[in-house]
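Just so it is clear, none of the values below were taken in a lab; they were calculated from the coordinates. This one's a predicted model, so the numbers in the text were calculated from it and none came from an experiment. Using ideal geometry, Cβ is built from the backbone for each residue, glycine included, and neighbour counts are taken over all protein chains shown.
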Amino acid sequence: MGRIPVTVLTGFLGSGKTTLLQRLLNEEGGRGAAVLINEFGAVGLDHLLVRPMAMPAVVLQNGCICCSVRSDLKTGLRDLVDARDRGDIPAFDRVLVETTGLADPVPIVQTLTADAMLRHQLLLANMVTTIDVLHAAGQIDSHREALRQAALADRLALTKTDLASAEEVELVRQRLGAVNPAAPVIDTHASNALWHDLLGTDASDPDRMADEARIWLSRVPADPAPVFAFWGKDASSHAMRSFAVRFEQKVDWTAFAVWLSAMVHRHGSRLLRIKGLLNVPGSPGPILLNAVQNFIHPPQHLDQWPDEDRSSRLVFIVEGLEPERVRRSLMEFVEAAQPQAAQRQGVQ
Amino acid sequence: MCGACGILAGTPDWVDGAGTRDGVERLAERHKRIKLVNSLLAPAGVRLRDFGGRLVLQSATGRTRIVTDLAHVWKAADEIGRREIDPLEGRG
């Protein structure tokens, strides 16, 4: 049996997560979904991990399996899997985890990826963040949680677009394009097939990586110059930035991996997302990289390039790091690992 | 174990990259990685050596740590080095 995909549904307070969840569950794809909900409106799941209050899973009328996560997300997920194995609840083909509006999604990702049993049974498929277009600008400017939720998303789901003007929606889209250039933005009000549009292609499904890469690349500017977006009131330690790094030459995978491991060690909490394709020697297709803070999805070899461009392209979303320093450090390290450069500089 | 554990630990992991390698190529990769790692360790006065398959970190003052994987290397280097490892701070 393959691993069951898990979608983390997050979004700021009042941004329409529950409405979106209800719509998803009413669609064909949602029939076989199990749902974990953090019902404490003002408390993040990560704060509840110590409370021993597991709730039994129940089958709701619409067929979805719903379990309130009142204690430990890990326990909740394990209970769900165990209940399925015992036959207490129907088999499910997807788990949706709805977080509170103030939750930092990263501990949820870490919970899913750090536990050996959960890793074996479940696959972190993607993170969907709801964005209330009426309040998005203010929330992103004022609340670090809202900004992190948008920056970490694999899919951005616009809500309340029917209440906003086309110009307002477009401004929010532009804003999100700067915050998280690699995430597709879906207008949930306009969508007639929400499950397909949000979850039809999972960001981390190995069989669909080429499609996913095509989605990312369509959003990364073709301009070879690095693209920097900055927001936040000043260059404080919490200022977030997104930027792209492009290599025209092939990238030594070993050098890149060593550099990345050191970066994750020293600055993992500041590396919100890294996504991209690397053109490595000896491989007909690119290696696809997808990282959320210090969790790095297993890299995937794609059989072929998703477009004509053969350059390596990486999108970074960082918090409190200078893009130019990151870019220069990476490029110098990779350059030094080239055979001629290593010989010249005597890399030891 | 985080995703940074790879070829140094002898486990298939992301640092290994996708795809397969034979023994000779694995060994070459291992040596190459040690050189690259040492270029980041140099500012801290720490050096990684391969003693017959066992990886040992040694500081300028003679302190040593046996390490198993890349994540462990950085952590141990922080403990015994004269400064913390930071790829943004330049290399030796």
*For the cross-link pairs A:Lys250/B:Lys32; A:Lys17/A:Lys275; A:Lys250/A:Lys275, which exceed 21 Å when the distance is taken from alpha carbon to alpha carbon?*
A:Lys17/A:Lys275
_region A:138-187: GluC sites (Glu not before Pro) falling in loop per DSSP and having at most 12 other Cβ within 10 Å_ = none
*Applying the Karplus parametrisation 6.51 cos²θ - 1.76 cosθ + 1.60 with θ = phi - 60° to the phi angles of region A:156-166, what ³J(HN,Hα) value in whole Hz is obtained for each residue in order, glycine and proline being reported as x?*
10, 9, 6, 10, 6, 5, 6, 9, 10, 7, 4
*Neighbourhood charge, 11 Å Cβ-Cβ cut-off, centred on A:Val95 and excluding it, Lys, Arg +1 and Asp, Glu -1*: +1
*Number of partner chain Cβ atoms within 10 Å, mean per residue of A:247-259*: 5
*In region A:267-325, which trypsin sites (Lys or Arg not before Pro) are in a loop and have at most 10 other Cβ atoms within 10 Å, using DSSP for the loop call?*
none
